[in-house]
Amino acid sequence: MFDVVIIGAGIVGCSAAYYLSQYDIRVCVLEAANDVSMGTTKANSAIVHAGYDPETGTLMAKHNVIGAALTKELCRKLDVPYKECGAMVIGFDETDLNTIQKLYDRGIRNGVEQLQILNREETLKLEPQLSRDVRGCLLIPTSAIIAPWELAMALMETAVRNGVQLKLNNRVEAISKKDGVFTVRTNADEYQAKYIINAAGVHSDKVHELIGEKEFTITTVKGEYYLLDKSESSRCQRTIFQCPSAVGKGVLVSPTVHGNLIVGPNAVDSDNVDTTYEGLQFVKKRAQRSIPFIAFGENIRNFAGLRAKNDRGDFIVEESRSVPDFFNIAGIMSPGLTSAPSLGLAAVDWLKGKQELVKKDSYCESRKKIRFNELSDEEKNELIKKDPRYGRIICRCMTVTEGEIVDAIHGVIPAVSIDGVKRRCTAGMGRCQGGFCGGKVAEILVRERGISPLEVLQDQEGTNILVKELKVK
Ligand SMILES: Cc1cc2nc3c(=O)[nH]c(=O)nc-3n(C[C@H](O)[C@H](O)[C@H](O)COP(=O)(O)OP(=O)(O)OC[C@H]3O[C@@H](n4cnc5c(N)ncnc54)[C@H](O)[C@@H]3O)c2cc1C
């Protein structure tokens with residue numbers, strides 16, 4: 001029996017697992033997909049928001065500000081790309097300038113540091129490619145960018161190294177409780193636990209209702225994006241926001257930690273992650289208002305993510321009102337990525353009120369990764385001498401070696417698909433989007449996992465890239 005079952009391995013479940021793994025308790029994470037961070041965590045703007053946007057006094061504001069500081073610390077400890085590039089909220093008219101003043105005041109109340117309001121000339125001096133129509137901005141120097149799925153992966157890898165059991169391909173389908181013990185039934189197995197933490201993202205209302213009464217409702221709001229090639233990376237140094245509206249923070253243009261330019265999202269009620277012509281046209285038009293000369297012909301990928309909008313208008317971070325010992329971290333819309341570490345700690349605090357939690361004598365809190373293209377020539381030579389597979393470049397766009405791909409496949413949480421390899425070591429994330437290296441990555445997966453080529457997945461279960469053999473020798 002486990003002390004705690006966490007449902008969902010997005011950034012929230014991974015953060016909870018990371019912090020709980022430091023205590024002397026048995027923790028299990030149940031995830032429906034075949035990898036961590038397969039939900040909203042892999043498809044968002046990747047911004048570590050400073051905390052000027054949420055209304056003062058809300059859980060969003062609290063967890064945003066604490067989470068932003070923790071994210072910075074965790075990325076350092078866990079060797080996850082993090083860049084404090086700063087951000088701007090730009091304004092085009094009097095209404096926007098009033099909004100900017102309100103955001104500044106709110107940011108100060110929320111405890112955000114270094115905020116400044118800049119006039120037109122100061123704004124354009126910092127970001128010369130902005131539209132000449134800009135009238136001023138809120139400058140947020142502490143805003144940052146990260147690789148969300150890498151942080152989730154690093155948190156869960158560390159948790160697993162500390163003894164947490166991660167059960168992928170386990171969709172929770174039924175929950176019951178008898179004599180103070182929960183039984184959680186998945187499509188694959190059955191698990192017992194004293195406590196449950198519900199971090200099931202857009203499905204967290206349904207997961208709660210497997211045992212509890214209806215206490216909140218999640219609806220999904222889609223956001224669509226362009227990811228542009230590195231050739232567009234110099235359009236802006238900072239994340240450029242427009243003034244937020246009732247439906248979200250608006251369309252942003254931002255550098256990414258991998259050197260690309262990301263543009264999006266829109267906000268459309270939808271329950272799927274298909275991108276649409278209309279949605280992308282809207283994003284493009286809005287973005288051109290901020291930076292008119294973005295070359296959208298340099299687009300290398302479109303994608304979409306789903307916001308978990310809840311009917312209470314704030315994060316839901318509380319014990320279920322109808323099921324004792326069941327903790328909901330639900331309706332975690334933006335800034336959920338930023339807030340996740342703080343939400344993970346909230347789960348620890350809740351559990352401390354339930355049972356005594358004793359820290360383990362020793363546990364690991366950090367991680368180091370080999371990134372071949374960041375090494376010096378001496379370090380590269382040294383590595384290749386030890387293992388020649390680090391001398392074979394498989395992904396030329398991102399300079400990823402066979403050694404790194406093999407590391408991803410045999411890691412603490414092994415990559416089981418081509419995209420799983422991509423999320424761990426960036427192979428296939430460059431201009432050709434795996435057009436050249438995808439086949440080679442597939443071959444390595446076949447060799448290292450001892451599987452048939454027909455079993456190679458692009459991403460989740462059912463995305464086999466080959467369906468049958470054509471020529472039989
Ligand atoms: C368009 C967009 C832009 C955003 N931009 C930002 C941003 O820049 N900065 C920021 O801070 N936040 C941002 N966010 C918000 C942020 O991405 C989310 O708040 C965060 O990723 C939510 O994480 P999660 O772990 O709650 O959910 P998820 O990542 O969705 O994880 C939930 C997991 O639960 C699993 N699951 C569901 N049901 C079950 C079940 N029955 N059994 C087992 N497992 C199950 C799913 O497979 C999934 O892996 C954005 C969101 C969107 C959509």
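The values are calculated or read from the model by the stated rules, or taken from the named source; none is laboratory data. Predicted model, so just to flag it, every value in this text is computed and none were measured. As a convention, Cβ positions derive from the backbone with ideal geometry for all residues, glycine included, and neighbour counts pool all protein chains shown. Keep in mind that these areas ignore ligands, DNA and RNA; they rest on the heavy atoms of the full protein, side chains included. Shrake-Rupley method; radii C 1.70, N 1.55, O 1.52, S 1.80 Å.
What the table shows:
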{"quantity": "At most 16 other Cβ within 10 Å, DSSP loop - trypsin sites (Lys or Arg not before Pro), the stretch 1-74", "calculated": "26"}
{"quantity": "Partners for residue 354 among aspartates and glutamates (Cα-Cα distance below 19 Å; same-chain residues under 8 apart left out)", "calculated": "3, 24, 179, 318, 319, 325"}
{"quantity": "For the stretch 208-225, 3J(HN,Hα) per residue [Karplus equation, 6.51 cos²θ - 1.76 cosθ + 1.60, θ = phi - 60°, Hz, x = Gly/Pro]", "calculated": "4, 6, 5, 9, x, 7, 5, 10, 7, 10, 9, 10, 9, 10, 7, x, 9, 9"}
{"quantity": "Largest-first ordering by accessible area, 1.4 Å probe, given options 270, 290", "calculated": "270, 290"}
{"quantity": "Taking N as its residue count, the alpha carbon Rg of the stretch 317-473 over 2.2 N^0.38 Å", "calculated": "1.41"}
{"quantity": "Cleavage-rule hits (GluC sites (Glu not before Pro)) in the stretch 368-473: DSSP loop, at most 10 neighbouring Cβ within 10 angstrom", "calculated": "469"}
{"quantity": "Rounded to whole Hz, the Karplus (6.51, -1.76, 1.60) HN-Hα couplings of the stretch 79-96, x for glycine and proline", "calculated": "6, 10, x, 8, 9, 7, 7, x, 8, 9, 9, 9, x, 10, 8, 4, 4, 4"}
{"quantity": "The chain: Cys lacking any partner C-beta under 4.7 angstrom", "calculated": "14, 28, 75, 85, 137, 236, 243, 364, 397, 425, 432"}
{"quantity": "Convex hull (Cα only) mean projected area of the stretch 384-431, reported in nm² to one decimal", "calculated": "3.1"}
{"quantity": "Computed [θ] at 222 nm, helices only, for the chain once each DSSP H run of length n ≥ 4 contributes -39500 (n - 2.57)", "calculated": "-9000 deg cm²/dmol"}
{"quantity": "Amide H contacts under 5 Å for residue 177, placed H, 5+ residues apart", "calculated": "183"}
{"quantity": "Alpha carbon convex hull of the stretch 236-277, volume per residue in cubic angstrom", "calculated": "103"}
{"quantity": "Spatially proximal aspartates and glutamates relative to residue 77 (Cα-Cα < 14 Å; intrachain offsets below 8 disregarded)", "calculated": "150, 157, 365"}
{"quantity": "For the chain, the Rg and Dmax computed from alpha carbons only, in angstrom", "calculated": "22.5, 73"}
{"quantity": "Amide hydrogen neighbours beyond the local backbone of residue 215, cut-off 5 Å, H modeled", "calculated": "none"}
{"quantity": "Spread of Cα-to-Cα distances over 10 Å intervals beginning at zero, given as percent, for the stretch 44-85", "calculated": "28, 51, 20, 1"}
{"quantity": "Rotationally averaged projected area of the stretch 329-410 (alpha carbon convex hull; nm²)", "calculated": "9.5"}
{"quantity": "Segment residue 379-residue 284, length gained on full extension (0.36 nm per residue, minus Cα span)", "calculated": "30.0 nm"}
{"quantity": "Antiparallel content of DSSP bridges confined to the chain, in %, to 5", "calculated": "75"}
{"quantity": "With DNA, RNA and ligands ignored, accessible area of residue 130 (1.4 Å probe; Å², nearest 10)", "calculated": "10"}
{"quantity": "Protein accessible area in the stretch 322-473, 1.4 Å probe - carbon and sulfur %", "calculated": "52"}
{"quantity": "Ranking by accessible area, most exposed first, for 333, 156 with a 1.4 Å probe", "calculated": "333, 156"}
{"quantity": "Interatomic Cα distance distribution for the stretch 372-455, bins of 5 angstrom, percent", "calculated": "3, 16, 27, 24, 18, 9, 2, 1"}
{"quantity": "Qualifying trypsin sites (Lys or Arg not before Pro) for the stretch 180-243 [loop in DSSP, other Cβ within 10 Å: at most 12]", "calculated": "214"}
